[in-house]
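Below you'll find the structure, written out as structure tokens, and then a few comments.
The values are calculated or read from the model by the stated rules, or taken from the named source; none is laboratory data. Because the structure is predicted, anything quoted here is derived from the model rather than measured. Because the Cβ atoms are built from the backbone with ideal geometry, glycine has one as well, and the counts that use them run over all protein chains shown. Please note that ligands, DNA and RNA were not included when accessible areas were found on the heavy atoms of the full protein model with its side chains. Shrake-Rupley method; radii C 1.70, N 1.55, O 1.52, S 1.80 Å.
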Amino acid sequence: MVEVTRRTFVKAGSAVVGGTLVAREFLFSPLASQGAETPLSLQGPVEDLVPTTCWIGKQDCGMLAHRVDGRVIKFEGNPANPRNNGTLCPKGQAQIIALYDPNRVKWPLVRTNAKGQTGEWRRASWDEALEMTAAAINEVRERNPKLVLWQKGRSKAKGFYDDAFTKAIGSSKLGHGAYCSDTGYRALEYTIGTHAVLHPDFRYTNYMLSWGWNITNAGGNKFCWITWPQHMIRARDRGMKIAHIDPRLRSAGPFADEWLPIKPGTDLALALALCHELIAQDYLDRPYLTTYTNAPSLVKDDGLFAQVTVGEGDEAAEVSLVWDEATGAPVPFGEAESPALEGTYELDGQQFSTAFEVFKDHVSQYTPEWAADITGLPAEQIRRIATDFGENAQIGSTLVVDGVEVPYRPVGIMAYHMAQQELGFQAMRAMVMVPMLVGAIGAAGGQLSDFSWKIDKRYAQFEKFEVQDPPYDFMLNNSRYFPINTGFPGMVARVMNDPARYDVEELPEVAILHMVNPLGSFASQREFLDSYGKFKFIAAISPWLSETADYFADVVLPSATIEKYEGPISATNQYIEATTLRIPPMDPLFESKGEIDIYMDLCEKMGTLYGEGGYLDQVNKALGLVDDLAAFAVPTDRKPAVRDIFDTWARGQGIDEGVAFFEDPNHSVFVKGPMSPTKMYGYVTDPPFGGALHRLYGDSLLDAQRQMQAKGADPLYWQDYTALPTWRSPTMDASPGEYEFYMVSYKLVEHKQARTSFVPLLAELAPGARIDINPTAARRLGIEDGDTVTIESHNAVTGETRSMTTVAAHCEGIRPDTIGVPAHFGLWTHPQNEGQGPTPNEIYFTGEGYMAMTADQSFHVKVRVSKGGEG
Amino acid sequence: MAKYAMVVDLERCQGCRACMEACKIENNTSEAMFWMYVFRFEEGVYPDTRMSFLPRPCQHCDNAPCVKVCPTGARFKRDDGIVLTDSDRCIGCRYCELACPYGVNYFNWQKPNDAYYSDAIDWSDPDIQEVTLGAIPPYKNPALDERWGSEQRRTAGGGHAKGVMEKCTFCVQRVEQGLQPACVETCPVTALRFGDVEDPDTPISRFIRERETWHLLEETGTEPSVFYVGGKPPSQQYREVERPKARV
Amino acid sequence: MATTTINTPQPLPQGVGRLGPAWIAFVVGALIVTGWGLFAYVRELSDGMIATGMRNVGTMGGASWGLYITMVVYFIGVSFAGITVAALIRVLRLDHLRPIARFAELLTVVALILGGLSIIIDLGQPVRGVINLFRYARPQSPFFGTFSLVIAGYLFASLVYLYLGARRDAAILAKRPSRLQWFHRLWAAGYTDTDEERARHRRATFWLALSIIPLLIIAHSTLGFVFGLQVGRPGWYGTLQAPAFVALAGVSGIGHLIVLAAIVGRVIHDRERIGMDIFAWLGRLLMILLFAYLYFMTVELLTLIYATPEVEKQLSDALLLGQYASVYWGSVALLAIPAALLAWQALNRRWRVSWLVASGLAVNLAAIGKRYLIVVPSQTHGTLLPYETGSYSPSWVEYSVVLGIFALGSLMVGLFFKAFPALPLSEEEEREVLANA
Ligand SMILES: Nc1nc2c(c(=O)[nH]1)N[C@H]1C(S)=C(S)[C@@H](COP(=O)(O)OP(=O)(O)OC[C@H]3O[C@@H](n4cnc5c(=O)[nH]c(N)nc54)[C@H](O)[C@@H]3O)O[C@H]1N2
Ligand SMILES: Nc1nc2c(c(=O)[nH]1)N[C@H]1C(S)=C(S)[C@@H](COP(=O)(O)OP(=O)(O)OC[C@H]3O[C@@H](n4cnc5c(=O)[nH]c(N)nc54)[C@H](O)[C@@H]3O)O[C@H]1N2
Ligand code: SF4
Ligand code: SF4
Ligand code: SF4
Ligand code: SF4
Ligand code: SF4
Ligand SMILES: [Mo]
């Protein structure tokens, strides 16, 4: 009773009050706009900064996380980081919405339905999920650890913790490189010894060939994006000119002073023609060629070097002979007073030509006119580019950099992912030879490759190949198919689908997928759909349900996104040496964990965490906390906090504050200082070029070819193992005429691989798949801008065809015989993916004819385009 | 009293649209609202094709049509040159938008929260609410709710509200705190510059003196506070390529 | 005897107070349509204007002013004619037109109310709108100018005008007991039909009439300037706007008068008071205004055809050949054909009510079309920066709301005519009323 009356009284009262409130609201007070104002903690907003690094991209740009009451409200570039100097690209900005995405995998998932279809899952505890995974791995490990396949995509930060994992459990290891630029890396390791591809010395370069560099969108050599454009713009302020070699103009945007719309897959021909012209116009740096390359080495008429053994016992080494003009006799390389660069010499009835003589002879056929027919570029343009390059090289000049006199050749090439073509390895070799001829390699303003002249271990391995007899392991290492082979997921998939064909007996049984999504980013999707079901068990470590996990994972382990410790991360921009760490700006959201935690917990369950050779021991090795740094080693008898690992590592680096240094926004980046010329310029390193003799002539490649033939390999595999880059038309050109277009793919600045198309802020800027097609070509087929089109690809080897449906975008900046497709879409597990369209990887082919001689994917295929299609 | 201006350097711009993204995040604008917009243009016919990029913030005109036509004074120009919208006073007549020659105004056609990428993300998810205390977006910027400048009106865009007009504010909430606008701050190649042009010694004043500058749609007499360097004014022959998802 | 006459009073003249089945049917119909419009508007209020077909100009490729603003311009135009005619009748002492004066005035009042409504409905923040438009009024803004002047000032003026003009009739009716007596008393407000009262009245209304005419011109010019002064919108910028506006306003208004005249004539079966001479006069007026407007339009057409600046070209293509061609040429036809019809009738001095009514309706459809073409295309096709051309088509919500507004209008007219005689009382009506007083 009383209750009621009071309530009614209150009601009445509030009604009156409400009335007057409304009146005040409308008539006197400003009209309040927003419903909910930003929620703030009671003790009032506490704002702070946490230094961290970009988690989306490949170069881990420095970031400052702005927080209010511990909630990140914005990521901004970290001015202290030389890679990005306080700036961020659209992806770097947008990752904040990904961090908070409730569509992330929140807790461990265990599959409840059959594989090969969209997964059904039940929530599991970390304990259970890890138990299952550990058991599955151990069961196989006991028989043969190599049958455990650990696979990772384009890593971020330094993967020390997963190296440690694969070493600790002795598993096989498969990376992303076969879809990235491994061909390029192998070509460079083979030719000049560096583990990298090509970039110019932007600080001094005056003339650059942007060779398939997606300037305004993507990485170029090694970097993700921001760093190179920053250098490029400064160089242009200085007046650097850019000749852009790419079927698409969009990659260079407004920055192409000259555009060479080359026919896809013909870069080898262009590079050979440029070599031809440089020689014809005598733009040659003879001292460099004679001293630092194998050009003077004498080649027998069987195409191999004439060699002698020098030294005794285990000192003994095979060394090629050169012709000493002083004595008029052949002497071992390096012992000649004045070695002959050119010429053919006779010694007891045998003809010997210098490698350079053979090279000159070889390229004499590759005239600009010849290349014009193949590349679709005017001969005079090719000739002029060669002249500009030779002229700008200023052969013979030197420059004093920071007190050090360095040969000065202000010309260079930027090239990276376009190496992914069938002839990529030899094309890249021929491309390096262009700066080699003018002596620009490692010169000031000239051709750089890696940031320093550290020689990769493969340089030595490539001196002699040992092609083995079957059976082969499932990666086809040292096989008669791929003497050079760094692991090709697509090939592994083919092997799993038909082991007998490749003389393979044992197949992988368990897979751990870490930051990899073959159904998204790798070609061809078909191979993976057919093979990954064959794994007995797959565990996926991923913050989102990747499509591969959706179809094939038994267990999904949710990893944190940016909210975890990772590193150490190089922050060098080529000119400044620096290191930093990824610091978690928040605790891992939901039940996710950082990978290091996951690996430690998993190893604990597998019993491989502690002691000699255990995970922690391997972590110490991978972080170099051994020998003189052993004092800083992580104890291997108890599980450390991840932060402690980085803390002791930091102290090992001589940073007394330890990890706190990196957590402090006023430090956050450990800058070692400017890169010294004696580290950056090959001519002046000690020894010069890190001690690598540059292989103009690929004697060991020819030798490998002979071994492959001897073991009965098909010409498809050995045909490109030639001592000198040799043109042949790509296999795809054998497709019937109606497949009139080349399909190339590329990256958009708004997206990173297949890991961002579901980030709403980025999907807004770049909503979905399309093909760029030249309007003239399109209209001939009755295709208007925005029309739905069907793309059908054709495999010239097997005759198989595949097709996808997408939309046409008219584009005057692309060759009429080429269509371009962004590589980022075709995902389906996230609501944002709805209607985004396909990935070209659905219709690319992999394997014979569509891969490089080094077991690397080619992103080229002939297609036909027709109007309409379901979708 | 300062007088703020922005310089857009078309010789540097990469068309990367980081500025658009930074703007959206800093100012919490909802879907398809681009206070900053970057055109990507193509002109000419293969192989004589040319590409160009054109960032387009609000021009903060000194002779601003939008201000003149606003019936309530919700759209006003501060002494420091920043043209703002008072989201408490705006009645949503959209006259400013019609008067503006540059197409930089965006109207809240729906409740911003409903427009916040909610097709793909359920912000009411309890596990997220736990972390964000119900903020939409989760990175909601409290500085936007504050009242800035001598006029102390709600102008920073925090008043995103159904039926109200909004546009680029020159990041008033940042400028008032002595920071650079979000777009300027993030631009990887310094294609955007911001500062006080009344003081002749500021970097931007010097830059404007040293370089040849022009304005967008000079002929309309709006006297913008945004200067362009390099490139050339866009013509109707330009074909726009790679448009974002811009319609709600 | 006497008592009975008092208990069963003679019906009031011109069907006032008598609710016949037809009238009830009409009211119910009008109510339903109005209700539907209201429902649609509530949807718009709750979901936001996303419920309309309007979107932002520029990247969003839309039109931010659409059907609603079109109707604002249209209704204000219509209101113009009513009051002008009424005023002219007073000032020029056109006594034979007296009969249509009152509902001409009524037409103005109703059109203005609907015009005002359309503005409120177009606001993103209607409640605020009503308050802030006055609380923070900026007379510099043409929009404010039109809103306050046209709607408020001018609505007030016309109300007074209507009020004074009918006060005498009210006083007469007030003498007579009926369900509406209170209303008529209220209106008469103590007016006793003495001679000097009459004289004062005539003077007042005369000056009011005189002053209303310039007020009109100013009001409609400002309305023209709402569009005319916008540098940012090709197709809007230009001085032709204001006069063209006024001409078409007249056309649409007279069109309505003709229709109303016909209806009223029908309803109160009064052939000789709304006689052929009235229709002829209206027809001639309509014809003159039509030709005036057609002249402006040919000028406009020529400028369109020879449009040179890039954007103007793009715009004229959209109008003459593209997205808007159907509306454009449709409107042209709906103006040209009536013009021809009227000319024909004028020449051989034979006027047909049916033809006039048809013309009246036609020119009003055309007027709406033309207003639409002024408001919309220069947003979707007139951006000075090379944005993709946009598109706009009204959503079901907009159509429903506009229908609702029309229904509301006719409802007002219908109700008024049941509460008050549509025509000034004639001598015998007066006598007859007083006889039963
Ligand atoms: N925004 C963004 N940036 C990224 C990435 C990303 O996903 N998004 N990924 C990062 C990674 S992992 C890498 S490897 C780098 C890659 O960095 P880039 O190699 O610069 O980028 P891509 O887009 O792969 O380059 C392919 C370019 O080569 C052209 N091309 C294709 N075929 C041919 C050909 O036969 N000849 C020639 N001359 N050109 C050809 C294409 O048109 C395209 O412009 O980018 C990194 N940065
Ligand atoms: N057609 C075509 N295909 C291409 C390319 C092309 O140019 N054209 N580019 C190729 C190149 S250059 C490369 S490098 C490859 C890259 O290929 P990948 O590196 O495999 O790229 P993603 O598809 O992004 O796969 C990354 C997966 O890991 C998840 N992930 C993201 N962040 C994390 C993390 O922090 N932890 C964990 N555990 N998982 C994470 C993502 O959700 C995603 O599912 O793609 C290649 N694919
Ligand atoms: S460039 Fe790469 S690493 Fe740097 S911010 Fe952008 S996405 Fe991140
Ligand atoms: S961020 Fe800078 S470079 Fe990128 S689009 Fe904006 S202005 Fe251009
Ligand atoms: S650009 Fe448009 S909105 Fe900005 S100030 Fe100028 S007129 Fe106003
Ligand atoms: S929409 Fe708001 S700001 Fe723009 S004119 Fe109308 S009231 Fe002024
Ligand atoms: S100044 Fe601020 S509001 Fe304006 S465009 Fe740049 S970021 Fe957006
Ligand atoms: Mo890559």
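Averaged over the residues of peptide C:387-395, the number of Cβ atoms from other protein chains lying within 10 Å of each residue's Cβ is 2.
DSSP beta bridges confined to chain A are antiparallel in about 65 percent of cases. Note on segment A:264-327: dipole from Cβ charges, positive end direction compared against A:ASN294, A:ALA316, A:CYS275; the farthest Cα belongs to A:CYS275.
For the listed peptides A:265-272, A:447-454, a ranking on the average number of other beta carbons within 10 Å per residue, highest first, reads A:265-272, A:447-454.
Computed from label points 7 Å out along Cα-Cβ, the spacing between C:ARG200 and B:GLU223 is 5.5 nm. With both residues required to sit in chain B, DSSP beta bridges show an antiparallel share near 85%.
In this simple spin-label model, placing a label point 7 Å from the Cα along the Cα-to-Cβ direction at both C:VAL28 and A:GLN351 gives a separation of 11.2 nm. Put a plus charge on the Cβ of each Lys and Arg, a minus charge on the Cβ of each Asp and Glu, and nothing anywhere else: the dipole of chain C about its Cα centre is then about 720 debye.
Spatial offset of segment A:90-106 relative to segment B:74-117 amounts to 29 Å, using the alpha carbon center of each.
Solvent-accessible surface of chain B, averaged per residue with a 1.4 angstrom probe and all protein chains in place: 31 square angstrom.
If you take the Cα centroid of segment B:150-225 and the Cα centroid of segment A:378-398, the two points sit 45 Å apart. Ligands, DNA and RNA are left out, and with a 1.4 angstrom probe the accessible area of segment C:119-227 is 44 Å² per residue. Taken about its Cα centre, segment C:47-202 carries a charge dipole of about 340 debye when Lys and Arg each add +1 at the Cβ and Asp and Glu each add -1 at the Cβ. Using C-alpha pairs below 8 Å separated by at least 6 residues, the relative contact order for chain C is 32 percent. Expressed as a whole percent, the accessible surface of the protein assembly as shown that belongs to carbon and sulfur atoms is 58, based on a 1.4 Å probe. Accessible area of A:HIS751 (1.4 Å probe, protein heavy atoms only, ligands and nucleic acids ignored): about 10 Å². Averaged over the residues of peptide B:65-76, the number of Cβ atoms from other protein chains lying within 10 Å of each residue's Cβ is 6. For chain A, the relative contact order is 17 percent, taking Cα pairs closer than 8 Å that sit 6 or more residues apart in sequence and dividing their mean separation by the residue count. Going by accessible surface with a 1.4 Å probe and the largest first, B:ARG147, C:ARG102, A:ARG638 read A:ARG638, B:ARG147, C:ARG102. For the cross-link pairs B:LYS68/B:LYS245; A:LYS593/A:LYS621; A:LYS74/B:LYS162; A:LYS263/A:LYS747; A:LYS300/A:LYS679; A:LYS158/A:LYS263, the ones whose C-alpha atoms lie over 28 Å apart are B:LYS68/B:LYS245; A:LYS300/A:LYS679; A:LYS158/A:LYS263.
Peptide packing for A:591-603, A:776-788 was compared via the average number of neighbouring C-beta atoms within 10 Å per residue; ordered from the highest value, the list is A:591-603, A:776-788. Association of chains B and C removes close to 4300 square angstrom of accessible area from solvent, both sides included, for a probe radius of 1.4 Å.
At 222 nm, what helix-only mean residue ellipticity would chain A give, in deg cm²/dmol to the nearest 500, using -39500 (n - 2.57) for each DSSP H run of four or more?
-8500 deg cm²/dmol
For the protein assembly as shown, give the share of DSSP beta bridges that are antiparallel, in percent and rounded to the nearest 5; count only bridges with both residues there. Rounded to the nearest five, the antiparallel share is 65 percent.
Could you run the numbers on buried accessible area between A and B, total for both chains, 1.4 angstrom probe, in Å² to the nearest 100?
Buried area between the two chains comes out at roughly 5700 Å².
The accessible area of C:TRP207, taken with all protein chains in place and a 1.4 Å probe, comes to roughly 150 Å². Each of B:PHE107, B:ILE121, B:PRO138 was scored by the projection of its Cα onto the charge dipole of segment B:28-159, and the greatest displacement toward the positive side belongs to B:PHE107; charges sit on the C-beta of Lys, Arg, Asp and Glu.
Projecting the Cα atoms of A:GLN93, A:PRO79, A:ASN113 onto the dipole axis of segment A:52-135, where Lys and Arg carry +1 and Asp and Glu carry -1 at the beta carbon, places A:GLN93 farthest toward the positive end. Here is the short version for chain A: A:CYS89, A:CYS180, A:CYS224, A:CYS275, A:CYS603, A:CYS811 have no other Cys C-beta closer than 4.7 Å. For the peptide B:130-137, the mean number of other protein chain Cβ atoms found within 10 angstrom of a residue's Cβ is 6. Counting only Cβ charges, +1 for Lys and Arg and -1 for Asp and Glu, the dipole size of the protein assembly as shown around its Cα centre is about 9320 debye. Counting only lysines at least 8 places from A:LYS536 when in the same chain, those with an alpha carbon closer than 16 Å to its own are A:LYS115, A:LYS146.
Our summary gives segment A:121-276 a relative contact order of 14 percent, counting only alpha carbon pairs under 8 angstrom and 6 or more residues apart.
When all protein chains stay in place and ligands, DNA and RNA are ignored, the 1.4 Å accessible-area order of C:PHE296, C:PHE227, largest first, is C:PHE296, C:PHE227. Comparing each chain alone with all protein chains together (probe 1.4 Å, DNA, RNA and ligands left out), the residues of segment A:51-98 losing at least 20 Å² of accessible area are A:ARG71, A:ILE73, A:LYS74, A:GLU76, A:GLY86, A:THR87, A:LEU88, A:PRO90, A:GLN93, A:ILE96, A:ILE97. Between C:SER46 and A:ASP237, the modelled label-to-label distance comes to 5.8 nm, taking each label 7 Å out from Cα in the direction of the beta carbon.
Computed with a 1.4 Å probe on the full set of protein chains, the accessible area for B:ASP88 sits at about 10 Å².
Could you tell me how far the Cα centroid of segment A:654-725 sits from the Cα centroid of segment A:262-286, in Å? A separation of 24 Å, based on Cα centres.
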